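Each remark here refers to the structure printed beneath this line.
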Amino acid sequence: MKIAVIFSMFLLLVLQVSAQEKGVNKSGWNFGALPSIAFDTDLGFQYGALVNLFDYGDGSRYPNYNHSLYFEVSRFTKGSGINRFFYDSDRLISGLQTSLDISYLTDQTYDFFGFNGYDAHVMTDWLEKDNPNRVYYKYDRNLFRLKLDLQGKLSGSRLLWTAGFNLQNFDIGSVDIERLNEGKKDDEKLAVQDGLYEKYQEWGIIDQEEADGGFVPAIKAGVAYDTRDNKPNPMKGIWTEAIVEGVTEHLGAEASFAKLALIHRQYFTLVPENLSFVYRLAYQTTLAGKVPFYYQTQVLTSMLRSYISEGLGGSETVRGIYRNRVVGDGFFYGNLEMRWKFVRFNFINNNFYLATNVFTDFGRVTRKIPVDRVIHQSQHMYFKDNAEKMHYTYGAGIQAVMNENFVVTLDYGMAVNEQDGKNGMYIGLNYLF
């Protein structure tokens with residue numbers, strides 16, 4: 001999920017009266033600048049500002065750009081914050097796709113529902129907005145990230161190698177309930193008690209050495225096959241990648257481990273230029289070592305498209321279920337989606353289109369994180385034997401797109417199982433994949 005203004009969608013509908021049939025070819029520097037007024041079911045309302053600059057050069061490659069620079073400073077009403085710079089280009093270094101992300105992300109109430117999906121039972125009524133226990137499934141997390149990704153061609157024009165270096169520092173602690181209760185009436189205050197994060201430490205499921213976070217220096221390598229006709233919203237083609245990521249104590253991590261991710265995306269044109277069917281299937285697992293609990297939410301990808309790549313659950317993976325609801329040592333997830341561009345026009349020398357989508361998302365744990373059997377039996381209200389199965393959601397959305405690259409999107413997903421929540425609404429930038 002990235003950030004945008006829901007009112008801009010309605011503005012574009014009004015501007016449709018100025019539509020012209022002929023498109024506009026873009027050259028030089030262009031930008032989209034917006035106040036960050038958005039909403040995410042998991043994070044709340046957002047406020048702040050963002051700027052996305054695109055350099056189209058002489059215009060001969062449009063809608064492809066030479067350079068993209070993205071800046072954002074924003075805050076969410078539920079306690080999260082985004083401070084981010086992102087750069088993307090295939091012209092900075094000849095023959096290489098280069099992306100750089102520098103971010104500092106804060107979250108006073110980061111979601112934590114335990115491990116292994118449905119094996120971790122959730123008291124869903126505690127999450128209601130008026131329940132004093134509503135931060136029971138939360139902890140406080142601050143994350144600094146420096147991420148460099150490179151991609152270049154192998155044999156032929158479509159087979160690619162990918163490599164990257166990712167430095168992340170996780171600073172984790174208990175939710176500051178006293179701070180969140182400041183200014184609240186007595187009947188609105190949160191209950192002062194330990195949450196699931198604290199209980200998992202007490203029971204020994206989360207090691208004390210990793211409970212407060214840690215430093216994760218990761219090295220990544222892989223291969224990809226890419227035949228997409230357009231990166232922001234392809235109408236045809238395949239984008240498949242295999243990635244191996246390694247973390248070693250020799251570089252300062254508190255644990256050494258390796259992960260594998262296989263991701264396949266495919267795009268089909270049903271009506272030329274306007275209607276497409278797209279899908280994504282992905283599998284991720286731990287190959288070696290013990291992964292710190294705070295890193296198990298990370299979803300690997302060759303190139304970061306949003307400010308986060310985490311789940312399963314929420315805006316980036318399985319839309320409509322609780323953020324981080326499905327966490328395991330290995331998992332599978334998928335998305336099936338129909339996309340329809342129903343209006344095209346140009347205004348103030350820019351190309352626009354409006355689109356809508358319908359989707360179904362799904363995912364489950366395929367390799368479980370070990371949980372002590374004695375604790376499992378004694379804490380029956382928190383654990384269920386072999387309950388994990390596929391998590392399903394379905395939903396729809398609407399998009400407003402400027403110059404093929406600046407994509408404002410709203411997705412609304414609904415969970416099938418009440419253990420996953422009820423629904424989720426996500427307003428931001430970019431298609432899911």
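The values are calculated or read from the model by the stated rules, or taken from the named source; none is laboratory data. Bear in mind that the values here come from a model prediction, so they are computed numbers and not experimental data. Quick reminder, even Gly has a Cβ in these numbers, built from the backbone with ideal geometry, and neighbours come from all protein chains shown. SASA here: full protein model, heavy atoms, side chains in, ligands and nucleic acids out. Shrake-Rupley method; radii C 1.70, N 1.55, O 1.52, S 1.80 Å.
With angles folded into 0 to 90 degrees, how steeply does helix 6-15 sit against the dominant principal axis of the chain? Use alpha carbons for both and round to 10.
So the inclination is approximately 20 degrees.
Could you work out the relative contact order of the chain? I mean the mean sequence separation of Cα pairs under 8 Å and 6+ apart, divided by the number of residues, in percent. Could you put the intermediate results ahead of the total?
On the way: 1161 pairs, mean separation 67.1, N = 433.
Taking the mean separation of contacting Cα pairs over the length of the chain, I get 15 percent.
Carbon and sulfur together cover what percent of the accessible area of the stretch 229-339 at a 1.4 Å probe radius?
Details: 2230 of 3420 Å².
Percent of accessible area from carbon and sulfur atoms in the stretch 229-339: 65.
With label points built 7 Å along Cα→Cβ from the Cα atoms of Leu262 and Asn349, find their separation and express it in nm.
Output for this residue pair reads 5.0 nm.
Along the charge dipole of the stretch 313-399, pointing to its positive end and built from +1/-1 on Cβ of Lys, Arg, Asp and Glu, which listed residue (Asn350, Gly320, Tyr382) has its Cα farthest out?
Asn350
So with the 1.4 Å probe, I'd like the accessible area per residue for the chain, rounded to whole Å².
Working: 18360 Å² over 433 residues.
Ligands and nucleic acids excluded, the result is 42 Å² per residue.
Based only on Cα atoms, what mean projected area does the convex hull of the stretch 386-433 have, in nm²? Before the final figure, lay out the partial values.
Working: hull surface 15.9 nm².
The number I arrive at for the stretch 386-433 is 4.0 nm².
Using only the Cα atoms of the stretch 222-362, what do you get for the radius of gyration and for Dmax, in Å?
17.8, 55
Over the chain, how many percent of alpha carbon pairs lie in each 20 Å bin up to the one with the longest distance?
Spelled out bin by bin, the chain gives 25, 59, 16, 0 percent.
Using every pair of alpha-carbon atoms in the stretch 352-433, split the distances into 10 Å bins beginning at 0 and state the percent of pairs per bin, rounded to integers.
15, 32, 25, 17, 9, 2
With all distinct Cα pairs included, what does the Kirkwood hydrodynamic radius of the stretch 64-110 come out to in Å, to one decimal, could you say? Intermediate values should be presented prior to the final figure.
Working: mean 1/r = 0.0819 Å⁻¹.
Taking the inverse mean of 1/r over all distinct Cα pairs, the stretch 64-110 comes out at 12.2 Å.
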